[in-house]
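The values are calculated or read from the model by the stated rules, or taken from the named source; none is laboratory data. For clarity, every value in this text was computed on a predicted model and none was experimentally measured. Reconstructed Cβ throughout: ideal geometry from the backbone, glycine too, with neighbour counts over all protein chains shown. Side chains are part of the model used for accessible areas, which takes the heavy atoms of the whole protein and leaves out ligands, DNA and RNA. Shrake-Rupley method; radii C 1.70, N 1.55, O 1.52, S 1.80 Å.
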Amino acid sequence: MDDVNTGTPHPARVYDALLGGTANFAADREIADAIRVNPAGEIAPLANRDFLRRAVAYLATEAGVDQFLDVGSGLPTSPNVHEVAQAIIPAARIVYVDNDPIVLVHARTLLSSTPEGSSSYVDADVRDPGTILAAARQTLDFERPVALLLLAVGHFLDDEHDPYGVVGTLLDALPAGSYLAMTHLTGEFQPDETAKTEAMYRAQGMVLRARTRDEFARFFDGLELVEPGVVLVPRWRPDADDRVSPDEPGERAPLYGAVGRKL
């Protein structure tokens, strides 16, 4: 891990710090502590993890999908995608993608597949969909439906990175019947606080770009949205295992989420 710069924060490690993890450094914790001043800093990550569990369970149970491409997976935080999917479909295959060496080391150490299924780990940046797809094809069968997961990742793509083009490229490679599950930060409820957080990230050399509901919904153009459509993440098919109530307002859970099916 000689290429890890511990003095520079990384979004995956900041997220780990917000979730109370230990695979982070002082620079990451400094950003996380500043974010926690706003209650949304702690509630939103929990709501996002609740969404991951519910969305993967829906995709495996109701949609019957047994292949998952988790881009920007972050540090392992249980329940992980393979734990949820393989509890329902033991032969499910999962590809995790991230660009932080620490994430990959922890993933290879801590994440283990069922004997029937498969989990693999790709070192790639979301901005390089070609590399992601080439590596994913070694584990996933692109002739059958794949669930593309982009959870709390899109807001790390600035407009100059062509976020809609990146997501479109990934989706274009997947067959009909595939799904996109995505969550994204919005600044609609706390524009001033969000602007401060965006500026804090940029000051540390990172990108953070919150988007409106309409901007987020654009990622699903051409897809068939699964009910209830585009909503705040605690309100997407809530269940009894959630840690964040669906009644939380947008000020405290400022993430939109949705699942869409490729026709």
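Of note:
- Considering only His10, Val226, Ala63, and ranking their Cα positions along the charge dipole of the chain that arises from unit charges at the beta-carbon of Lys, Arg, Asp and Glu, the one farthest toward the positive end is Ala63.
- Dipole magnitude for the chain: computed about the Cα centre from +1 point charges on Lys and Arg Cβ and -1 point charges on Asp and Glu Cβ, it is near 320 debye.
- Solvent exposure of region 11-262 as accessible area per residue, Å², 1.4 Å probe: 40
- A dipole drawn for the chain from +1 and -1 charges on Cβ atoms has a positive end, and of Ala217, Phe51, Phe189 the residue lying farthest that way is Phe51.
- Residues whose amide H lies under 5 Å from that of Gln67, counting only those 5 or more places away or on a different chain, are Arg93, Ala147; hydrogens are built 1.01 Å from N in the peptide plane.
- Residue-by-residue Karplus 3J(HN,Hα) for region 122-134, coefficients 6.51, -1.76, 1.60, Hz, glycine and proline x: 10, 8, 7, 9, 4, 6, 10, x, x, 5, 4, 5, 4
- In sequence order, calculated HN-Hα J values of region 138-146 (Karplus, 6.51, -1.76, 1.60; Hz; x Gly/Pro): 6, 10, 9, 9, 7, 8, 10, x, 10
- P(r), alpha carbons of region 141-229 - 5 Å bins starting at zero, rounded %: 3, 12, 22, 23, 17, 11, 7, 4, 1, 0
- Between the beta carbons of Glu224 and Asp172, assuming R0 = 22 Å, the FRET efficiency works out to 0.85 to the nearest 0.05.
- Cα convex hull of the chain, projected area averaged across orientations, nm²: 12.6
- Counting protein heavy atoms only, region 11-262 has 49 percent of its accessible area on carbon and sulfur, 1.4 angstrom probe.
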